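Each remark here refers to the structure printed beneath this line.
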Amino acid sequence: MNYRPYGLALLLIFAAMTDFAVGDDWPNWRGPRGDGVSLETDVPLTWSDAENIRWKAELPGWGGSTPVIQDAGLIITSQDDEGRLFLQLFDKNYGSPLRKLEVGSGDVPREAPKRLQQKFHRLHNLASPSPTVHHKWIAAHFGNGILAVYDFEGNEKWRRDLQEEYGAYTIWWGHANSPVIVDGKVISVCMQDSLSDLDQEPVESYLVAHDLQTGELIWKTKRMTGAPAEQADAYTTPLVRKRNGRTELIVMGGNQLDAYDAKTGQQIWFLPGLEGGRTVTGPTIDDKRIYCTRGMRGPTLAVALDEIKTGRVPDTAIVWEEAQSTPDSPSPVVLNGLLFTVTDDGIAVCRDAATGELVWKERLGGKFKASPVAVENRVYFLNTDGLCSVVAAEREFQKLAENKLDDETIASPAISDGCIYIRGRKYLYCIGKAS
């Protein structure tokens, strides 16, 4: 096990993490509910190099994964120019590095025979899936198939190689789905080109669950939607919700929205026919509807939860669908009965969440890959040049602030204990009001 302690093991900070922060954790991709909404208060509205930067820390490499946070611990993954993969732990309050774990290594092919193996878009590498944390366990998945679980002392508990066990990834632009921890299981999803027109034995898309503590396989479920070629590719992460006494995993991709029982892996319901192409934009949810975008900048739509039972979901469950100014990469966020999205070329859109009616549309400028986050009646839109536009979560467009970091910012922000954490290409930033 390669790891490097820093400082005096930083006074066993993780043994007493609950003595530090009491704010909302950000334990996985898009936060505690997977919807990009934080319940925090007193979060900074403005920042600059001279204001409200509580700390910044150099990273051992880069990646598209977001920081995840539990109590005083912050975890992030990276890949350096030599191909080495890292899981790094920080003290979120002071930016002190605690552990730097070398998880493995891997190549990032930028050119490859079309459809015969995955190649990676220039904007990401093997450190695109975000890690996830639950109590003393940290799960990290990388684009080369490595899935590993560690404790906060830096000890590897187990690892699996999903490509070795279940076949090479055939997704066109590099595997990037983030795992989730649900009811003592680490659950991963793989949605990819089946190559069914090239080979008699189609490549599987699947969900797979491993025991969080031991790595034992619990269940594996095929997810073959019939989507052809690149339309089968999806880079999304499951939403988790409890309904009727069981935990559902809601998955979007391969021209289909569906849900699976987290305990057994059995499909509960499905809504097929959502053609649109490969899917990067993940779904989100409130107490009445699921919101998602058909892939490749296809229409954004809302599906009524009260019309979802079991089996085939009727098309009438789609309560609205709008095709104009839809995102390709950033996921939507819902607040105050309003759905906020941003296109990859910088057009922010606000729609009525119940009807889909356009409320306002404004150009923010720049290119966007990060998903917006919402907190304190505000929506934070972060573009790839380090510029974050803060907009009121209201029916009238109000730009409240513009904040600039001198860095490239692909990853989505995280929020915890009154601070915003932004992962740049060069640094990790903690943005918080001066105490």
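Worth pointing out:
- Accessible area per residue was computed with a 1.4 Å probe on protein heavy atoms; Glu156 scores about 70 Å².
- Phe142 sits among other residues whose Cβ lies under 14 Å from its own Cβ, and their net charge, with Lys and Arg +1 and Asp and Glu -1, is -3.
- Classification of region 249-306 by its C-alpha gyration tensor yields an oblate form. The axis ratio a/c (a ≥ b ≥ c) is 1.5 or more, and b/c is at least a/b.
- Dipole-positive endmost among Ile146, Tyr380, Ser65 within the chain (Cβ charges, Cα centre): Ile146
- In terms of accessible area, using a 1.4 Å probe and ignoring ligands and nucleic acids, Asp287, Asp25 rank largest first as Asp287, Asp25.
- In terms of its alpha-carbon gyration tensor, region 130-265 comes out oblate; a/c meets the 1.5 threshold, while b/c is at least as large as a/b.
- Computed over the alpha carbons of the chain, Rg followed by Dmax gives 20.3, 63 Å.
- Taken along the Cα-to-beta-carbon direction at a fixed 7 Å, the label points for Ser48 and Lys220 span 5.5 nm.
- Straight-line cross-link reach from Lys309 at under 18 Å between alpha-carbon atoms covers these aspartates and glutamates, not counting any fewer than eight positions away in the same chain: Glu248, Asp258, Asp261, Asp286, Asp287.
- Measuring nothing but how far apart in sequence close Cα pairs (under 8 Å, 6+ apart) lie, relative to its length, region 228-375 scores a relative contact order of 15 percent.
- Using R0 = 60 Å, the C-beta based FRET efficiency linking Lys263 and Asp197 works out to 0.95.
- Rolling a 1.4 Å probe over the protein heavy atoms gives the chain an accessible area of 39 Å² per residue.
- Alpha-carbon Rg/Rh ratio, for region 282-435, with Rh computed the Kirkwood way: 0.99
- Rounded percent of accessible protein surface that carbon and sulfur make up, region 324-435, 1.4 Å probe: 44 percent
- Helix content alone sets the calculated 222 nm mean residue ellipticity of the chain: runs of n ≥ 4 DSSP H residues at -39500 (n - 2.57) each, divided across all residues, give 0 deg cm²/dmol.
- Sites matching trypsin sites (Lys or Arg not before Pro) across region 32-123 that sit in DSSP coil, with at most 12 neighbouring C-beta atoms within 10 Å: Arg110, Lys114, Arg122
- For the chain, the dipole from Cβ point charges (+1 on Lys and Arg, -1 on Asp and Glu) about the Cα centre works out to 140 debye, to the nearest 20.
- Portion, in percent, of the accessible area of region 15-120 that falls on carbon or sulfur, probe 1.4 Å: 45 percent
The values are calculated or read from the model by the stated rules, or taken from the named source; none is laboratory data. What you see is a predicted model, and the numbers here were worked out from it, not measured in a lab. Neighbour counts run over all protein chains shown; Cβ positions are idealised from the backbone, glycine included. These accessible areas exclude ligands, DNA and RNA; they are computed on the full protein's heavy atoms, side chains included. Shrake-Rupley method; radii C 1.70, N 1.55, O 1.52, S 1.80 Å.
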